[in-house]
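To start, the structure under review is shown below, and the notes come after it.
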């Protein structure tokens, strides 16, 4: 595995290119349909089905391009080493991999698996999370550079943002006009103007007695007029509106249902339900817009469907066609849930939120 990474880095020194491996139309391993993994457990109504997972290019069952054969051999796979953040734009899946100092880019429509390890001004050190804007530009929060590094949709370096106070970025969200960045050691969310990358302001105030205070803002997600922040240091999810007013929080430190120990990745579905990764529980808890616990899924890894130090989660509605064959015939796939695991054999697991067919 590490030999593959070393050779990949050599390639990027010698040739400013990326490595591509052709793939099939259905990524991952097809599970045994006689042993479905579903949540919650029967007799409760099924809401989520584990669909598949993938950890390297070999699970895409495709033919390698000649340059990959030369560097890695006929059958040597390109591994996903230590994934953290994950983002999806159109048919492309972007995985921040701290183990290779770059990204894996999986294009489901083009059947490709690609390492992106940029050199020069765009060289990455610790890519933690990323966001893809509506134009396809890639914004990467690099914890060691203490910058957000920006590339266009052709993977060409564009610019970088050095955070105010040399703060460390852990996650970001990009809308039509602003870039919202969580700064874990600055206890704030920093806002930049998208058009010229100028600093606008930050929030909340650094007053520890205030309930809005962010101890260690890890991840951020925005839906409609709500800003959701997973506060790793306070074991809570804190919600603000886009006018920067504090609204409420939920959670709290503990091992009970609805509590957290190490909350990280956060995402929302179109109904406003909130998905939160807990790296200690090794599961995802789902809350309604009011912060009430609906259910949880995953759990410590004992096989497919389990999680092993999960880091991030993202909800997707655009790639259903590529995973429908994994869904049990009695279910109808409504949307996809992607989860990254930093360890174990299933580096990216894919779940489906399902309803019963009529």
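Structure data summary
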item: Hits in region 323-348 (condition: under 21 Å from residue 97 (Cβ atoms) and more than 11 Å from the chain's Cα centre (by Cα)); result: 336, 342, 343, 344, 345, 346, 347
item: Residue that is nearest to residue 106 (Cα to Cα) [pool: residues in region 141-158 that are part of a strand (DSSP E or B) and in contact with a helix residue (DSSP H, G or I) (Cβ under 9 Å, 6 or more places away or on another chain)]; result: 151
item: Total residues in region 105-135, condition part of a loop (DSSP other than H, G, I, E, B) and within 18 Å of residue 221 (Cα to Cα); result: 2
item: Set 187, 131: member being surrounded by 16 or more Cβ atoms within 10 Å (Cβ to Cβ) and closer than 17 Å to residue 340 by Cα; result: 131
item: Residue under evaluation residue 208, criteria (1) modelled with pLDDT under 95; (2) surrounded by 13 or more Cβ atoms within 10 Å (Cβ to Cβ), criterion not met; result: (2)
item: Check on residue 197, assigned to a loop (DSSP other than H, G, I, E, B) and touching a strand residue (DSSP E or B) at 6+ places or on another chain (Cβ under 8 Å); result: yes
item: Qualifying residue in region 285-305 (condition: free of Cβ contacts under 8 Å to residues at least 24 places away in the same chain, touching a strand residue (DSSP E or B) at 6+ places or on another chain (Cβ under 6 Å) and surrounded by 17 or more Cβ atoms within 10 Å (Cβ to Cβ)); result: yes
item: Selection count, region 185-194, where residues are assigned to a strand (DSSP E or B) and either in contact (Cβ under 8 Å) with a residue 24 or more places away in the chain or under 15 Å from residue 219 (Cα atoms) (or both); result: 5
item: Spans of strands (runs of 3 or more DSSP E) in region 237-323 with at least 2 residues touching a helix residue (DSSP H, G or I) at 6+ places or on another chain (Cβ under 7 Å); result: none
item: Test: residue 315 is surrounded by 22 or more Cβ atoms within 10 Å (Cβ to Cβ) and under 16 Å from residue 221 (Cβ atoms); result: no
item: Candidate set from region 168-184 (those that are assigned to a loop (DSSP other than H, G, I, E, B) and free of Cβ contacts under 8 Å to residues at least 40 places away in the same chain); member that is nearest to residue 229 (Cα to Cα); result: 168
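Okay, residues lined up against (1) within 30 Å of residue 159 (Cα to Cα); (2) modelled with pLDDT of 95 or more:
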| position | (1), (2) |
| --- | --- |
| 42 | no, no |
| 49 | no, yes |
| 72 | no, no |
| 83 | yes, yes |
| 112 | yes, no |
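The values are calculated or read from the model by the stated rules, or taken from the named source; none is laboratory data. Everything numeric in this text was worked out from a predicted model, so none of it was measured. All Cβ positions, even for glycine, are placed from backbone atoms using ideal geometry, and neighbour counts span all protein chains on display.
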